[in-house]
Amino acid sequence: MPDRSVRHSPEQIKCLYEITKAIHATMDLQKALYKVLELLSEHLGMKRGSITLLNPETSEIHIEVAHGISEMEKTKGRYKLGEGITGRVIKAGRPMAVPQINDEPLFLDRTGARSGIDHSKISFLCVPIKDQIRVIGALSVDCTYEGTSSLEEDVRLLTVISTMIAQKVAMLERIHRERHQLEEENLRLRKELNKKYSFSNIVGNSRKMQEVFYLISQVAKSNANVLLLGESGTGKELAANAIHYNSLRGSKPLVKVNCAALPANLIEAELFGYEKGAFTGANRTKSGKFELADKGTIFLDEIGSLALESQGKLLRVLQEREFERLGGNRTIKVNVRLVAATNGNLAQAVEEGTFREDLFYRLNVYPIYLPALREREADLLLLSDYFLEKYADEYEKDIKRISTPAIDALTQYHWPGNVRELENCIERAVLLCEDHVIHSYHLPPTLQTAKETGTQQSQSLKDAVERFERELLVEGLKNSRGNMRKAAMALKTTERIFGYKVQKYNIDPRRYR
């Protein structure tokens, strides 16, 4: 160690520079603190040193790192707040300098590291480590006693160093806190995601939907490819979500591609990626969807629209689990589960030569048919209530139910757009509704004239007025529990006129009691 008598300001500056580099060179707090003590010993002749930290919950002070003190001695260095010099410095937040430790009764030497050494030749300096106004620990050093003249300068230097340590501790605490918050937020979002895509979120009690739930539950935990069949709007994407998030790959990516939405000359670049310069405009290398979905699931919607050339490359990925980017020659290995969907007849497309037979059989390992809404009439009102609650909450409207005439209109419609069309219909009705009940006039015009046959016909003004009038009478009786007098008052008409209208439309008030 260099002699303290030749220590000078340039050496201190060099020491501070090295300590600054050491503190910011690592995210490991203990490693940084050990380095600080080593540099103090190397540049400034420190004999022993320690950095103690305060546990704010127990008010106990312990040695975090030490130099010139054995591990066994280090474990003995525990103090209560206010106990000894270290405890007093941390409690008061002010430094202390002891020229000769044998003259200071507060010096406890609890570690025993100075046994057998002349205490009259040891000076002890202790400065608080403060994060703004909060004291989090102390920096303590032993050095050779050379009088009191240099102690004040040493304390100033140690105070600067302790400030840098405090900033490092504060930064790491903030990073740890933010990381913990991110982990909690990630866990919360994942729980919400699993809840959102759980089987319970797929609405349906009909026999056909129960079959769908069973098939999804059986295949979800496997790695088998799944082919989702059904008309547009039947919920194939929702089924794909349920399969992925209830599988062993649920924590990995789910990448979705709508094959019909991309031009034929771009679909391969989207699926497999491309190298820089592969084609005009490819000014950078881009990873494809299969790379992004590695170890997860890729959902290819409207797979029947893929060109034959692209089908061949897709078949290779499914069989060999490898591909090359466009313009590249490096083979990329992937581990991806495929869930495909189509609203067309792939078997017929195979016969017509527009879809590869070998790819069809590769995809058709586990087909699941999503029934059209007209095939699951038992779920219509259940879905309507579900969407009503969803959009009433979203638009902050106090809508309680759907009126009987509106229910009749919903059940008589043939729903060519399936569940997607029903959801859009209910959302529109919620937006238009200004009271607590969805009426038939809140529904789209196509539903207001729907018949059980699924055909649409024009409606006269007289028929529309009578239908609206009958609906108001029924709602009045429902709200009054069949009491005609209360219903008439609510509609601001006389009981006689109300009774006449009830007879005209052949309404039985007793049904609503």
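Here, each number is a calculation from the coordinates, and none is a lab measurement. Note that the structure is a prediction, hence the values are computed from the model and not measured. Glycine also receives a Cβ, built like all others from the backbone with ideal geometry; neighbour counts cover every protein chain displayed.
Annotations
- Cα gyration tensor category, rounded, prolate or oblate, for the range 257-343 with a/c compared to 1.5: oblate
- Two-site label geometry, residue 369 and residue 330: point separation in nm, points 7 Å out along Cα→Cβ: 4.6 nm
- Set of aspartates and glutamates near residue 121 by C-alpha distance (under 12 Å), chain-local residues within fewer than 8 positions excluded: 103, 142, 146
- Folded to 0 to 90 degrees: helix 308-320 orientation relative to the chain principal axis, Cα: 50 degrees
- Cβ-placed point charges (K, R +1; D, E -1), dipole of the range 459-513 about Cα centre in debye, nearest 20: 280 debye
- Toward the positive end of the charge dipole of the range 4-175, with +1 on the Cβ of Lys and Arg and -1 on the Cβ of Asp and Glu, the farthest Cα among 126, 13, 58 is that of 58.
- Per-residue HN-Hα couplings for the range 426-443 [Karplus 6.51, -1.76, 1.60; θ = phi - 60°; Hz; x = Gly/Pro]: 5, 4, 4, 4, 4, 5, 7, 5, 10, 10, 9, 9, 7, 9, 5, 6, 7, 7
- Over the residues of the chain, the helix contribution to mean residue ellipticity at 222 nm works out to -14500 deg cm²/dmol, using -39500 (n - 2.57) for each DSSP H run of at least 4.
- Near residue 72: Cβ cut-off under 15 Å, other residues only, Lys/Arg at +1 and Asp/Glu at -1. The net charge is +3.
- Packing-based ranking, highest mean first, of 63-72, 240-249 given that Cβ atoms within 10 Å are counted: 240-249, 63-72
- Placing +1 on the Cβ of every Lys and Arg and -1 on the Cβ of every Asp and Glu, with nothing else charged, gives the chain a dipole about its Cα centre of roughly 1080 debye.
- Extension gain for residue 352-residue 80 works out to 89.3 nm (0.36 nm per residue, less the C-alpha to C-alpha distance).
- Overall form of the range 1-139: oblate. Here a/c, set by the Cα gyration tensor axes a ≥ b ≥ c, is 1.5 or more, and a/b is not larger than b/c.
- For the pair residue 121 and residue 20, label points projected 7 Å from Cα toward Cβ lie 3.6 nm apart.
- Cross-link partners of residue 400 among lysines, defined as those whose alpha carbon lies under 19 angstrom from its own and excluding same-chain residues fewer than eight positions apart: 390, 478.
- A dipole drawn for the chain from +1 and -1 charges on Cβ atoms has a positive end, and of 304, 29, 503 the residue lying farthest that way is 503.
- Distance between the C-alpha centres of the range 497-513 and the range 251-280: 63 Å, rounded to the whole angstrom.
- With a cut-off of 12 Å on the backbone N, no residue of the range 39-68 is near the modelled label site 7 Å out from residue 92 along Cα-Cβ.
- If you sort the three axes of the alpha carbon gyration tensor as a ≥ b ≥ c, you get a/c of 1.5 or more for the range 237-296 and a/b no higher than b/c, which makes it oblate.
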